[in-house]
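Beneath this line is the structure, given in structure tokens, with notes to follow.
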Amino acid sequence: MTRPPLVDRLRASAPQISVGVLTADWLTLGAQLELMERAGVELLHFDVMDGAFCPMLTLGAPVVAGFKTRLLKDVHLMIEDPLSKLDGFVAAGADIITVHVESTRHVHRVLQALGKMINANDPNRGIVRGIALNPGTPLEAIEPLAGEFEMVLLLAVNPGWGGQKFIASTCERVKRVREIVRDTALICVDGGVTQDNIANVARLGADIIVTGSAVFDGKAPFENAQHMMHALR
């Protein structure tokens, strides 16, 4: 399958942050999204949880669709049975859709179906297919899926809630997954990323680093985003 052009765009801007929207002030959401654009952020991260795959229940496709922004929509599906939900998130404008290897018996089928779908924002952009692994899932789980994903997301916390500390063993997992995928896929790290450790995470070789409350702390989201971006450089 032809690699989506969006992959090359993301690789060219790597390392980059993907800012989680759950911790934003939704009463001033439009203004906060404008601040992210001014800070040079390219990606908004949507943590979609169904209360079944992980404890929390967060948001669905209608909320993703409601975000009117020029930023790329990075949708992380922490849900059971993702195959039946793909159409809704594609229609909502997702540019990246990540599914968990643990979420279904037939994750290969999910990735294949996603590979046939068309980006609702720009058909020429393509949709980046991500495969995610929980901290306790062996990295070898992605090997049979080679050629069916463009990004590997490693969770550095257990899925379900924010504010957890970065699991130290993630560092070695990032190095190992880089050896597995070589240059065939982007690497994303999600969970426990702060202003203090983001530079170290980037040095491990992550292309995309998800961060939420470290940016949207209710005080200085623009300055926080800039600080995180500068730390990557």
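The values are calculated or read from the model by the stated rules, or taken from the named source; none is laboratory data. Quick caveat, the model's predicted, so the values are computed rather than measured. Here the Cβ positions follow ideal geometry from the backbone for every residue, glycine too, while neighbour counts run over all protein chains shown.
The table below gives the values:
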item	result
Set V181, V174, V189: member being without any contact (Cβ under 8 Å) to a residue 40 or more places away in the chain, closer than 28 Å to T28 by Cα, in contact with a strand residue (DSSP E or B) (Cβ under 8 Å, 6 or more places away or on another chain) and crowded, with 17+ Cβ neighbours inside 10 Å	V189
Single residue of segment 70-123 satisfying the filter (within 25 Å of P135 (Cβ to Cβ) and without any contact (Cβ under 8 Å) to a residue 24 or more places away in the chain) that is surrounded by the most Cβ atoms within 10 Å (Cβ to Cβ)	D81
Filter result (surrounded by 14 or more Cβ atoms within 10 Å (Cβ to Cβ) and either assigned to a loop (DSSP other than H, G, I, E, B) or at positive phi (or both)) within segment 41-62	V41, E42, F53, C54, M56, T58, L59, G60
Residue in segment 10-25 that is in contact with a helix residue (DSSP H, G or I) (Cβ under 9 Å, 6 or more places away or on another chain), farther than 17 Å from I209 by Cα and not small (G, A, S) present	yes
Of residues in segment 123-141 being within 19 Å of the chain's Cα centre (by Cα) and part of a loop (DSSP other than H, G, I, E, B), the one nearest to R70 (Cα to Cα)	R125
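Residues checked against (1) at pLDDT 95 or above; (2) under 19 Å from D8 (Cα atoms); (3) assigned to a helix (DSSP H, G or I):
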position	(1), (2), (3)
T23	no, no, no
L83	yes, no, yes
V99	yes, no, no
N119	yes, yes, no
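The rows are residues; the columns are (1) at pLDDT 90 or above; (2) aliphatic (A, V, I, L, M); (3) over 22 Å from A225 (Cβ atoms).
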position: F149; (1), (2), (3): yes, no, yes
position: I167; (1), (2), (3): yes, yes, yes
position: T184; (1), (2), (3): yes, no, yes
position: C188; (1), (2), (3): yes, no, no
position: G192; (1), (2), (3): yes, no, no
